[in-house]
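Structure record follows, encoded as structure tokens.
The values are calculated or read from the model by the stated rules, or taken from the named source; none is laboratory data. For clarity, every value in this text was computed on a predicted model and none was experimentally measured. Surface areas here come from the heavy atoms of the whole protein model, side chains and all, with no ligands, DNA or RNA. Shrake-Rupley method; radii C 1.70, N 1.55, O 1.52, S 1.80 Å.
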Amino acid sequence: MSDTDVAAPVARTGPTPGKPPSSAARAALLLLRGRTVVVLVLLMILFGSISGEYLSSSNLIVMTKHVAINAILAIGVTFVILTGGIDLSVGSIAGLASMICGGLLFGGLALPGESTLFFSVGMVILIGMLVGGAVGWVNGILVTRFKVAPFIATLGMLYVARGFAQLRSEGGTYPNLAGTPERGNTGFHVIGVDRWLGIPVAVWIMLLVAGAAIVVTTRTPFGRRVYAVGGNERAAELAGIRVNRVKIAVYVISGACAALAGLLLTSELGAAYPDTATTYELNAIAAAVLGGTALSGGRGTIIGTVLGAFVIGFLADGLVLVGVSTFWQSVVKGAVIVFAVITATAQQRLEASLAERAA
């Protein structure tokens with residue numbers, strides 16, 4: 001029997017080269033790519049039909065304000081995940097920044113000679129973000145220089161940062177952050193309480209951070225390097241990309257975003273306490289994954305992450321509004337995360353299948 005006799009039947013059983021995908025496959029792929037928007041719309045329809053207050057303008061503004069904090073956290077985490085890493089420390093970094101800035105606003109900085117230095121609110125916010133960036137830099141150094149797995153490095157930093165937050169006040173709370181005109185440190189409430197054009201300032205800050213992140217990831221060489229490192233680290237290194245610098249940079253961005261989110265939450269509460277933003281890192285990662293960011297790196301968008309944050313936030317607030325038990329809220333949130341991973345995997349498999357059929 002000749003080789004051609006054997007090969008012929010095999011060739012006929014495989015997919016036909018160049019065969020266009022069916023309309024059903026294209027529709028399924030479109031649905032999977034837009035799953036975050038679909039889920040968000042379905043949530044709004046569901047809770048809007050159960051409670052008349054859910055879709056009221058006042059409630060939508062309040063829910064969007066709640067989303068803003070998680071979205072800023074998730075944007076920072078997205079940069080890390082795009083490189084194939086993970087950052088479990090963002091909640092603790094938010095708490096640490098909250099306590100450091102709360103202490104500066106409440107009691108100032110003690111100097112030698114029994115004198116105290118008080119900072120303006122703008123300077124305090126800058127210090128908080130610098131602290132967050134510094135902790136992120138340490139995470140990056142652990143991952144790149146000491147070759148510690150990102151999961152372990154940031155898990156350890158989760159405890160370290162939270163411990164320093166508790167040590168800042170020996171576990172106590174800074175209850176009054178309004179400041180005084182004499183000290184020149186008033187106005188901290190602006191970022192977490194005030195509104196501009198009827199929209200909370202926190203939402204404007206979220207839009208500013210998201211806009212900047214979109215520009216960085218889509219319009220700058222650094223953004224292309226982030227995707228390249230996550231897509232294939234070895235290939236990126238061979239292409240001349242300084243992989244370690246990119247990784248350190250994304251952890252710094254994540255830390256700074258976490259600090260900003262912590263300050264927004266502190267401003268809203270009007271007080272700083274060590275447990276600020278506890279477990280918020282899980283919401284941030286869930287938002288990124290639900291928005292289409294692949295945990296393996298190299299795939300994802302900032303817009304998707306923001307939409308994922310809206311899904312998480314609108315879901316949580318909707319469950320509270322209709323009176324669902326906090327225990328069931330955890331169950332539902334976990335199910336949503338699992339659903340996000342399953343659909344992301346299904347999308348990747350379908351895209352690969354369609355690409356193979358079109359080849």
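Check which residues have an amide H placed less than 5 Å from Arg195's amide H, if you skip close sequence neighbours.
Close amide H contacts, sequence-distant or interchain: Val201.
Using θ = phi - 60° and the Karplus relation 6.51 cos²θ - 1.76 cosθ + 1.60, list the HN-Hα couplings for region 235-240 in order, rounded to whole Hz, with x at every Gly or Pro.
Calculated HN-Hα couplings, in order: 5, 5, 5, 5, 7, x Hz.
What's the percent breakdown of Cα-Cα distances in region 238-359 across 10 Å bins, shortest bin first?
11, 31, 33, 18, 6, 1
Could you point to the label whose value was computed as Rg and Dmax of the Cα atoms in Å for the structure here, given (1) 23.6, 99; (2) 24.8, 83; (3) 18.7, 54?
Correct label, based on the coordinates given: (1).
Enumerate the amide H contacts of Asn185 below 5 Å, restricted to partners 5 or more residues apart or on another chain; note that Pro and chain-start residues carry no placed amide H.
Thr180
Could you work out the relative contact order of the chain? I mean the mean sequence separation of Cα pairs under 8 Å and 6+ apart, divided by the number of residues, in percent.
On the way: 601 pairs, mean separation 117.0, N = 359.
Relative contact order, the chain: 33 percent.
Please list, ordered by chain and number, the residues whose modelled amide H lies under 5 Å from the amide H of Thr293; skip anything fewer than 5 residues away on the same chain.
Distant-sequence amide H within range of Thr293: Thr301.
So what is the accessible area of region 148-247 per residue, in Å², with the probe set to 1.4 Å?
Values: 5880 Å² over 100 residues.
I get 59 Å² per residue for this part.
Of all accessible surface on the chain at a 1.4 Å probe, what whole percent is carbon and sulfur?
Details: 11750 of 17490 Å².
Roughly 67 percent, rounded to a whole number.
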